[in-house]
1. Residue pairs, Cβ under 7 Å, 6 or more apart or interchain, first in segment 152-163 and assigned by TED's automatic domain parsing to the domain that holds TYR182, second basic (Lys, Arg) and part of a strand (DSSP E or B). List them.
2. Enumerate the pairs (first residue in segment 323-348 and in the same structural domain as THR30 (by TED's automatic domain parsing) and over 27 Å from GLU46 (Cβ atoms); second residue anywhere and among the aliphatic types (A, V, I, L, M) and assigned to a helix (DSSP H, G or I)) with beta-carbon separation below 6 Å, excluding pairs fewer than 6 apart on the same chain, so at least 6 apart or on different chains.
3. Please enumerate the residues belonging to segment 146-169 that are in contact with a helix residue (DSSP H, G or I) (Cβ under 6 Å, 6 or more places away or on another chain) and part of a helix (DSSP H, G or I).
4. Scanning segment 259-278 for residues that are of a type in the set (Gly, Ala, Ser) and not in a helix (DSSP H, G or I), which turns out surrounded by the fewest Cβ atoms within 10 Å (Cβ to Cβ)?
5. Any idea which residue in segment 212-253 is surrounded by the fewest Cβ atoms within 10 Å (Cβ to Cβ), counting only those that are hydrophobic (A, V, I, L, M, F, W, C) and assigned to a strand (DSSP E or B)?
6. For the list (1) within 21 Å of the chain's Cα centre (by Cα); (2) more than 15 Å from PRO187 (Cα to Cα), I need the number of the one condition that THR280 fails.
7. Being basic (Lys, Arg) and not in a helix (DSSP H, G or I), is that true of even one residue in segment 330-337?
8. Look through LYS95, LYS88 and report the one residue that is loosely packed, with under 15 Cβ neighbours inside 10 Å and either without any contact (Cβ under 8 Å) to a residue 60 or more places away in the chain or farther than 21 Å from ARG351 by Cβ (or both).
Amino acid sequence: MKRDLPLAYGAPRASITVATRAIDVGYANTKYTLGRKVIFNEAMIETGTFPSIAASIPRSRKLEYKPGDQASDGCLTEIDGALYFAGKGVAMHLKGSQPRHVLADYSTTPNYLALMHGAMHYMLEDAGNPQELVIEHLALGLPLNNYSEYRTRLVELAKGTHFIGSVDSAAGTRTVRVLNAYVLMQPFGALANLGLTQGLGLEGWNLVIDVGGGTVDYLVSRDRQPNLTRSGAHSGSMLECAHAVAKEIDPGLVKNYQIVEEIDQAIRLRAETFEVAGRTYYLANYAAAIDAVLRTAYEAMLANVGDFADFRTILICGGGAEVFHSFLVRHVPSLERRIKMDAGAIFSNVRGFHIAAEAISEAASAAV
């Protein structure tokens, strides 16, 4: 995958260097960190998110920048000669039919790089849009089922100079230069965030369940050390739940990004109803279809993890954390007293990645 030359050059601005940042490109949402900001006298890791889908933009199409306009909320990036838009306003650039796939080689696709650039765009905005942002230590994550195969390639993709275009022609093309990149197992981020920052006792055996858009990852650890023999990932999570509901209404709806997104949001928020083509549907009528997807994921995890009896704590994170938590409490009530869940579960991993990058940064500074 080739990062092309910049689309345009704006007036030069100062270069700003930050020690650490983190990006978690999921199948449903891309999460990123903006460093620590003081909130109520506490230095909290600030985060952001946008949909994990990039729109292909024809070169003949002229995008008009309007401050505050949804269609301008994002960035342009050129990959292998093609132009993509990624960011919070991506829905304004999508066609009616836009299927979302869960691919094992997701991190090698142009869509993934465009989403990484989308996260970098918001990092640039947060820094005041300098001409160049230098990130000394960038942490990313991969699901457990493709971590070993693709982590080296992802490190190579992330390191170096990235050209980030803008809908605003006056802003020109900015650059993000990554000096060091690290790829972590996705559930490890939650282990760091929930366990180390919130004072949970993680001695003995513990289980982290990361319920993402495309996969349910599960990481078994003992005294905070991962046990990869009992850990793994199941390809089938929240997007598959939304697809299962859409198929029952009309199989063709699976290709409609906006409808799948609305069904997905209804499931995650446990809404009573959702709308499709002006008609109201009760989510309870599709509970069996949703539970079937979750049960398959649970049974796949159970087959690899083994007996749950030795786990002191079960940490649930990810955008589908509340949905999976509800499933477990209903179907395996004996686990309830051991389950812990972060209030901001969707950001558990990316916050943990940031914490890991901070630790690496501090160790590097101490060694100088």
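The values are calculated or read from the model by the stated rules, or taken from the named source; none is laboratory data. Here the structure is a predicted model, which is why all the values come from computation and not from measurement. Here the Cβ is made from the backbone with ideal geometry for all residues, glycine too, and neighbour counts use every protein chain on show.
1. THR161/ARG177; HIS162/ARG3; PHE163/ARG3
2. none
3. Hits for segment 146-169 are TYR150, LEU154.
4. Filtering segment 259-278 for residues that are of a type in the set (Gly, Ala, Ser) and not in a helix (DSSP H, G or I), the one surrounded by the fewest Cβ atoms within 10 Å (Cβ to Cβ) comes out as GLY278.
5. Of everything passing the filter in segment 212-253, LEU228 is surrounded by the fewest Cβ atoms within 10 Å (Cβ to Cβ).
6. All conditions are met except number (1).
7. Scanning segment 330-337, I find no residue that is basic (Lys, Arg) and not in a helix (DSSP H, G or I), so the answer is no.
8. LYS95
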